[in-house]
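Student: Take this structure first; my questions come after.
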Amino acid sequence: MLDSIEPADIHAAARARAAVLPLDDLNPADPQGFVDDTVGYVFERLRREDPVHRSHSPIPGIDTYWSVTRYKDIMQVDSSHSIYSSENGITLMDFPPDDEQKLRMFIAMDQPKHDEQRKAVNPIVAPANLNNWQNLIRERTVNVLESLPRNETFNWVDKVSIELTTYMLATLFDFPLQDRRLLTHWSDMATSNKLTNPDAPEPEVRMAELRKMLEYFTRLWNERINAPPSTDLVSMLAHGPATRNMGPAEYMGNLVLLIVGGNDTTRNSMTGGLLALHEHPQEMAKLRANPALVDSLVPEIIRWQTPLAYMRRSALVDTELGGKQIRKGDKLAMWYLSGNRDESAIPEPNRFIVDRERPRQHLSFGFGIHRCVGNRLAELQLKILWEELLVRFKKIDVVGEPTRIRSSFVRGFSHLPVRIPG
Amino acid sequence: MPRVTFIAFAGGARTVEAPVGTTLMRAATDNRVPGIDGDCGGNCACATCHVYVDPAWWERLGVHAAGEKDMLNLVAELRGNSRLACQITLTEDLNGLVVNLPEAQH
C-alpha cells in the first residue's frame, strides 16, 4: 500500500535508481524528485560524471535542456549575460511567442531594458530604506508569533511562513492589509503549471486569476499616480521614468515577479530553516547557546533551502561550457540547488552548519546582473524571525513529515506540522 | 606590503596590510573588515564589495574591469568614484590607498 512506504525507503530506492540509470535518462526537472526530496541523488551523480548534462523531459514545452550542476559553471553562465540570455524566460517551459502566459518582467529581460526597470525598484529594498522598516517588520513578526497556538499541532507553513511573507509584501506594496491573502493566492497562481502538476488549475483559470490581480493593481496604480510619489512599490513603478509607461502585460509581469520573488522564496526558507534545525539538533543547541549565530544561520538557511532550484538561460551564440558544445538557442538550467551542494566549492556541503566559515558564498540569490534584488530584505526578515523565535520559545517541535510542492522551480513546502509546548 | 584604509559609513577607519597581488576585496575579508561582503568570492558577479575611492587615488586605479560597470548598476548608491573592490589588485603603487564604505552592501 502506498501510504505504508516510509520516506527512508523512498530515499533508498531513489538513490539506487539514480546510480544505475543510464546518464541519458537522468532528468532533474522531474517534479517527483522534488516531492520526494530525492533529486539530490541525481545531482550528485551528474556533478561527478557529467556536470554539464544534456537532459530530456517528457513534459511538452520543457523537452531538451542542459543541466548545469557545478558551482563554477553556474557562476560562469550566470555572469555571462552577453552569451546567455534571459529573454526567453527564466523557467524551462517554452510558450509560443505572444502567448499571454509568457509574462514580461525585468528578470526575463536583457540589457539595457533590464537595468532601467530594475533601477526603478532597487531603492525600495536598498539598505537605507530597510533601516526604516526594521521596526515594523519586528512588530509584525512579534504579533504573528504571539498569536500562535500552544500545545496543539498547527501548519507552520500557513501560520508563520505565509502569514509573515504576505504581511511583508502587503507592506511593500502598501496593499490593503485585510486583502493580503490575495497576494498569496496570486503568487501560487503565477507559479502553478498544469503541465508539471496535474492538480494545478487550467491555464485559462490561471490567466483569469492573474487578470483579476492586474485589475486590482491597476486600481492601486491609478490611486498612486494621482498622488505625490511615495515609498511603496506601486508608487515607485507609477512615477519612475523607466516604468511609468509600461503596458498592462509588462505591469502584470513585473507584479508577478515582485509578488513571487517576495513571497514564494522567503516563505520556503522560513519553513526550510525550521526543518533543517529540527533535523540537526546539535546545530540548534549551538544556536541556543549563542544567539549571535543568527547572522551566519540566515545565509546558511538560504543555501540549504535554495528556494528557487534553478534559473533558465538561453544561449545567444554557439559556445562551449564544461567541454560541451552549446548551440545558439539551446536552453540551460543553472541548478542552484546542485551548485549549493558542490563539494568542490563549499566545504561539507551536505551538512547544515550554523557557524559556517563563509556562509554567504552560495548560489541561492544568483549572480550577475539578475542577482536577487530583494536579498537584503529576505535576510532581514529571516534574521528578525529567528531572533524573535529564540527569545520566545524554548522548544519548537516538528511533529511530522513535511509535504513538499510539486515543482522543480519553486523548492518549497505546503505543510509542516509543528507543536509549541505551552 | 601595501597598506590600505577603509573608512566605515558611520565613521572610523581600519588600516590593513596585504601582499602585492591581493585584491582590495580580499584584503578586507581576510582581515574581517566589516562592510565588505564579497558574496561571489571575487568574480565581479554580486556587487557586495562596493567602495568609494578617495579622489586622490582615482587616477591610479586605472579603468573599470570588463563587466564591472554592469554590476555597479546593482548597488544602492552609485557615485562617480564607485568601484568594486574585487576588481582592484594591490600594487606597491597603491600603498596608502583610502576608500570609503557605503551604508551597507546590496
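Student: Take the alpha carbon gyration tensor of segment A:370-422, find the square roots of its eigenvalues, order them as a ≥ b ≥ c, and report rounded if a/c is under 1.5; if not, report prolate when a/b exceeds b/c, else oblate.
Tutor: Since a/c reaches 1.5 but b/c is at least a/b, the shape of segment A:370-422 is classed as oblate.
Student: Roughly how many nanometres apart are two label points built 7 Å out from the Cα toward the Cβ at residue A:249 and residue A:178?
Tutor: Here the modelled spin labels are 3.7 nm apart.
Student: Between segment A:107-179 and segment A:320-390, how far is it from one alpha carbon centroid to the other, in angstrom?
Tutor: After rounding, the separation between the Cα centres reads 21 Å.
Student: Right, here's the next one. Could you tally the net charge around residue A:234, taking each other residue with its Cβ under 9 Å from the Cβ of residue A:234, Lys/Arg +1 and Asp/Glu -1?
Tutor: Surrounding charge for residue A:234 is -2.
Student: Something else about it: Ignore the peptide's own chain and count Cβ atoms of other chains within 10 Å of each Cβ in A:116-125; give me the average, rounded.
Tutor: Mean partner-chain Cβ count within 10 Å for A:116-125: 2.
Student: So what is the orientation-averaged projected area of segment A:2-419, using the convex hull of its C-alpha atoms, in nm²?
Tutor: That works out to 20.1 nm².
Student: What number comes out for the charge environment of residue A:221, summing +1 per Lys or Arg and -1 per Asp or Glu over other residues with Cβ under 13 Å away?
Tutor: -2
Student: By its C-alpha gyration tensor, with a ≥ b ≥ c as the square roots of the eigenvalues, how is segment B:3-100 shaped: rounded for a/c under 1.5, else prolate for a/b larger than b/c, else oblate?
Tutor: Note, shape of segment B:3-100 comes out rounded.
Student: For peptide A:364-370, compute the average count of partner chain beta-carbon atoms within 10 Å of each residue's beta-carbon.
Tutor: Taking all residues of A:364-370 together, the mean is 5.
Student: Moving on. Could you list B:68, A:87 in order of exposure, starting from the residue whose Cβ has the fewest other Cβ atoms within 10 Å?
Tutor: Fewest-to-most ranking of B:68, A:87: A:87, B:68.
Student: Tabulate in residue order the Karplus-calculated ³J(HN,Hα) for segment A:336-346, using 6.51 cos²θ - 1.76 cosθ + 1.60 with θ = phi - 60°, rounded to whole Hz; enter x for Gly and Pro.
Tutor: 4, 4, 6, x, 6, 10, 7, 5, 7, 10, 10
Student: Only helical DSSP H runs with n ≥ 4 go in: add -39500 (n - 2.57) per run for chain A, normalise by residue count and round the 222 nm mean residue ellipticity to 500 deg cm²/dmol.
Tutor: -14000 deg cm²/dmol
Student: Let me check against my output: what whole-number percent is the relative contact order of segment A:280-391, with C-alpha pairs under 8 Å and at least 6 apart?
Tutor: So the answer I get is 33 percent.
Student: So which DSSP H runs in chain A come out at 24 Å plus along the axis (Cα) with average Kyte-Doolittle of at least -0.5?
Tutor: Answer set is A:375-392.
Student: Provide the net charge surrounding residue A:420, with neighbours chosen by a C-beta distance below 11 Å and charges set as Lys +1, Arg +1, Asp -1, Glu -1.
Tutor: +4
Student: At 0.890 mPa s and 25 °C, plugging the Kirkwood radius over alpha-carbon pairs of segment A:291-343 into Stokes-Einstein gives what diffusion coefficient in µm²/s?
Tutor: My calculation gives 185 µm²/s for D.
Student: Still on this structure, please answer the following. Can you put A:399, A:68 in order, fewest other beta carbons within 10 Å first?
Tutor: Fewest-to-most ranking of A:399, A:68: A:399, A:68.
Student: Answer rounded, prolate or oblate for segment A:131-171, using the Cα gyration tensor with square roots of eigenvalues a ≥ b ≥ c: rounded when a/c is under 1.5, else prolate when a/b is larger than b/c, else oblate.
Tutor: oblate
Student: Further question: Evaluate the relative contact order of chain A (contact order divided by residue number), counting alpha-carbon pairs under 8 angstrom at least 6 apart; express in whole percent.
Tutor: Relative CO of chain A lands at 25 percent.
Student: Separate question: How well do other chains shield peptide B:76-84, expressed as the mean number of their Cβ atoms within 10 Å of each residue Cβ?
Tutor: The shielding value for this peptide is 2.
Student: What's the exposure ranking of A:142, A:256, A:77, going from fewest to most Cβ atoms within 10 Å?
Tutor: By the 10 Å Cβ count, ascending: A:142, A:256, A:77.
Student: Would you please give the FRET efficiency between residue B:81 and residue A:20, computed as 1/(1 + (r/R0)^6) with r the Cβ-Cβ distance and R0 = 60 Å, to the nearest 0.05?
Tutor: For residue B:81 and residue A:20, the calculated efficiency is 0.55.
Read-outs throughout are calculated quantities, based only on the coordinates presented, and are distinct from any laboratory measurement. Since the structure is predicted, the reported quantities are computational estimates derived from the model, not experimental observations. All Cβ positions, even for glycine, are placed from backbone atoms using ideal geometry, and neighbour counts span all protein chains on display.
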